[in-house]
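The values are calculated or read from the model by the stated rules, or taken from the named source; none is laboratory data. The shown structure was predicted, so the numbers you read here are calculated from the model rather than taken from an experiment. Glycine gets a Cβ as well: all are built from the backbone with ideal geometry, and neighbour counts include every protein chain shown.
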């Protein structure tokens, strides 16, 4: 497998399309040079909630740009992808990992701050989490999902109750 730097999002998608083994996706993503201007066409800002913009989706993977204004956060959720990689591009995001408790509630077990040059992965079955932008600047992540998300489970922070919904933009 090549170790050459991947200079553009177009080349990143080509590399991912050539790869049939999802366990190699992380190494490919790490080779992407992440020139922020390259991703600017995918930036989408909303003052009410974070946004998700799809770069490419097929039966093997989904590649998204997620944009957060200061203070914005995802819900506590998990999803049906096998593995996801989160690669910060601009700013800082906080990843909170949770575990399910027997009575249906969730408990915070770890908090991790991610900045450009760092990344993290989430695997199905141990991926209850939330991402937030602590601010004061905007934050952007490049997320890669092996198998695309089709649905996710959203957890109520207060009660821990959960519901399953089709994956889609936040409301």
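Scanning the stretch 25-41 for residues that are over 17 Å from the mean Cα position of the chain (by Cα) and under 21 Å from residue 120 (Cα atoms) gives 31, 33, 35.
Looking only at the stretch 85-122, count every residue that is under 22 Å from residue 157 (Cβ atoms), under 13 Å from the mean Cα position of the chain (by Cα) and at pLDDT below 90 and tell me the total. Looking only at that region, the number is 2. Residues that are touching a helix residue (DSSP H, G or I) at 6+ places or on another chain (Cβ under 8 Å) and surrounded by 19 or more Cβ atoms within 10 Å (Cβ to Cβ) within the stretch 56-82 comprise 61, 63, 65, listed in sequence order. Selection of the stretch 127-142 for residues being crowded, with 22+ Cβ neighbours inside 10 Å and in contact (Cβ under 8 Å) with a residue 60 or more places away in the chain yields 131, 133, 139, 140, 141, 142.
Looking across the stretch 1-22, the residues that are assigned to a helix (DSSP H, G or I) and touching a residue at least 40 places away in the same chain (Cβ under 8 Å) come down to 9, 12, 13, 16, 17, 22.
Based on what the data block shows, is residue 14 surrounded by fewer than 18 Cβ atoms within 10 Å (Cβ to Cβ), closer than 27 Å to residue 3 by Cβ and modelled with pLDDT of 95 or more? So residue 14 fits the description; yes.
When residues in the stretch 24-42 are screened for being touching a residue at least 60 places away in the same chain (Cβ under 8 Å) and either under 16 Å from residue 84 (Cβ atoms) or not in a helix (DSSP H, G or I) (or both), 6 of them pass. Among residues of the stretch 79-99 that are touching a residue at least 60 places away in the same chain (Cβ under 8 Å), those with a Cβ under 8 angstrom from a residue that is surrounded by 21 or more Cβ atoms within 10 Å (Cβ to Cβ) and not in a strand (DSSP E or B), sequence gap 6+ or separate chain, pair up as 83/25; 85/25; 85/29. Of note, residue 65 does not satisfy the criterion of being free of Cβ contacts under 8 Å to residues at least 60 places away in the same chain and not in a loop (DSSP other than H, G, I, E, B). Scanning the stretch 123-135 for residues that are at pLDDT below 85 and part of a strand (DSSP E or B) yields one hit, 123. Residue by residue through the stretch 20-47, note down the ones that are farther than 20 Å from residue 88 by Cβ and surrounded by fewer than 17 Cβ atoms within 10 Å (Cβ to Cβ). Residues satisfying the conditions are 20, 21, 23, 24, 47. Among the residues of the stretch 29-84, the ones that are at positive phi and modelled with pLDDT under 95 come to 1 in all.
For residue 95, the test of being touching a strand residue (DSSP E or B) at 6+ places or on another chain (Cβ under 8 Å) and surrounded by fewer than 16 Cβ atoms within 10 Å (Cβ to Cβ) is failed.
Evaluating residue 77 against the criteria (1) in a loop (DSSP other than H, G, I, E, B); (2) within 20 Å of residue 95 (Cβ to Cβ) leaves one unmet condition, (1).
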